[in-house]
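Each remark here refers to the structure printed beneath this line.
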Amino acid sequence: MKITSLTKMHHELGAKMAEFAGYEMPIVYSSIKEEHMAVRENAGIFDVSHMGEFLVRGADALHFLQKISSNDVSKLEIGQAQYSCIPNESGGVVDDFLVYRLDEEEYMLVVNASNIEKDWNWISKYKPDDVHMADVSDSSGLLAVQGPKASEILQSLTDINLKEISFYHFKVGTFAGIEDVIISATGYTGSGGFELYVDNVYLIDLWEKIMEVGAPKGLVPAGLGARDTLRLEMGYCLYGNDITDETSPIEAGLGWITKTKKGEFNSSKIFKKQRSEGVTRKLVGFKVEDRRVPRHDYEILNEKEEKIGFVTSGTLSPCLEEPIGMGYVEKEYATLGTSILINTGRKNLKATVTRTPFYLREE
């Protein structure tokens, strides 16, 4: 298994470690619920250095990215980031990712750890000769400091006014004495905060300095277990579960990042047709009237116990204290309030299609 620069530290902190996307990663330090609630109420720090980063430069970089991205990259100003997906040629999703505009002709793509090689190979097929692309994943470290106190905790480590960094914007500067840190107002938790991109050699120093100022204010290390429950409470898609090579972004409720009017891109004709004619299935959120957690690939049934879909993600929500999940159902069952059944194999659990996000943050 691959490791990050912080793997030894995670062991020393007593984290439960496991393989994730080929990396040995911390799943939980204390308990998923404790770490989850710390992020919702104070702040948590995640090592997400397993994520992939590609640099793209050149006069044709924008044209190239427009071809492989579902969103409209031309809308990005320098200092902005954008959520998007990489469509394949048959209406599915190769991966979801972030695009950062670093300079006039320079961008950074942040991709899922499990898809680094897959994405690189796919994107490279469309790269023109005058565009330079570099995989800097192995030399890049990434920490996510998430929660309502993140800004207060991090501000003492930089002269950059963090309150001036709007959502999905970033600045590059000195942070914790380290130069050229990308400070990005992005995250995967729905509780605000920042993601910090730094050269791997500075990662341990960065973690220690953040913990030094943050621990007295309630900052705790958080693992991938809490990262998953936090994102699911927000209804955020997880690649490999809620979106795959076989699912359309239109089906997944990601029409807002699928800009079919920007010009032609991979599968754009398929997405236009889905928009005009509709889709046969939709990704929905649901709550379970039981204490049993819905699991990935459980069948979803209608009230006549006929199969109408399948579960993609499920958990016991720490904030709501009830089981929640997402899954694909035939479109006629996607209406809010529809009663459905989750087939566990031994028992059918009553559930109701509900609005996402499941958790709404108090401002």
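The values are calculated or read from the model by the stated rules, or taken from the named source; none is laboratory data. On a predicted model such as this, the values are computed, not experimentally measured, just so you know. Heads up, the Cβs are rebuilt from the backbone with ideal geometry, glycines too, and the neighbour counts pull from every protein chain shown.
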note = Listed by first then second residue, the pairs whose first member lies in region 321-340 and is assigned by TED's automatic domain parsing to the domain that holds E34 and farther than 15 Å from R355 by Cβ, whose partner is part of a helix (DSSP H, G or I) and not small (G, A, S), with beta carbons under 8 Å and at least 6 positions apart or on separate chains, are none
inquiry  = Out of the residues in region 286-309 meeting the condition of being touching a Phe, Trp or Tyr at 6+ places or on another chain (Cβ under 7 Å) and without any contact (Cβ under 8 Å) to a residue 40 or more places away in the chain, tell me which one is nearest to E322 (Cα to Cα).
reply    = D297
key: Filtered residues of region 210-223 (kept if surrounded by fewer than 20 Cβ atoms within 10 Å (Cβ to Cβ) and not basic (K, R))   = M211, E212, V213, A215, P216, G218
inquiry  = So for region 129-143 (the condition being assigned to a loop (DSSP other than H, G, I, E, B), among the small types (G, A, S) and at pLDDT 95 or above), does at least one residue qualify?
reply    = no
query = From the residues in region 191-209 that are among the acidic types (D, E) and surrounded by fewer than 23 Cβ atoms within 10 Å (Cβ to Cβ), which one is farthest from C319 (Cα to Cα)?
reply = D199
request  = Inspect region 164-181 for any residue being within 27 Å of E19 (Cβ to Cβ), surrounded by fewer than 18 Cβ atoms within 10 Å (Cβ to Cβ) and at pLDDT 95 or above and give the result as yes or no.
outcome  = no
note = G14 meets each of (1) closer than 30 Å to E212 by Cα; (2) buried (at least 21 other Cβ atoms within 10 Å of the Cβ); (3) not hydroxyl-bearing (S, T, Y) with one exception, condition (2)
message = Can you pull out every residue in region 315-351 that is polar (S, T, N, Q), assigned to a strand (DSSP E or B) and surrounded by fewer than 15 Cβ atoms within 10 Å (Cβ to Cβ)?
response = S339
key: Selection from region 32-62 of residues that are of a type in the set (D, E) and under 28 Å from N115 (Cα atoms)   = E35, D47, E53, D60
message = I'd like to check which helices (runs of 4 or more DSSP H) are fully inside region 179-295 and have at least 2 residues that are in contact with a His (Cβ under 9 Å, 6 or more places away or on another chain).
response = 224-233
query = Counting only residues that are aliphatic (A, V, I, L, M) and either assigned to a strand (DSSP E or B) or more than 28 Å from the chain's Cα centre (by Cα) (or both), how many does region 352-363 have?
reply = 1
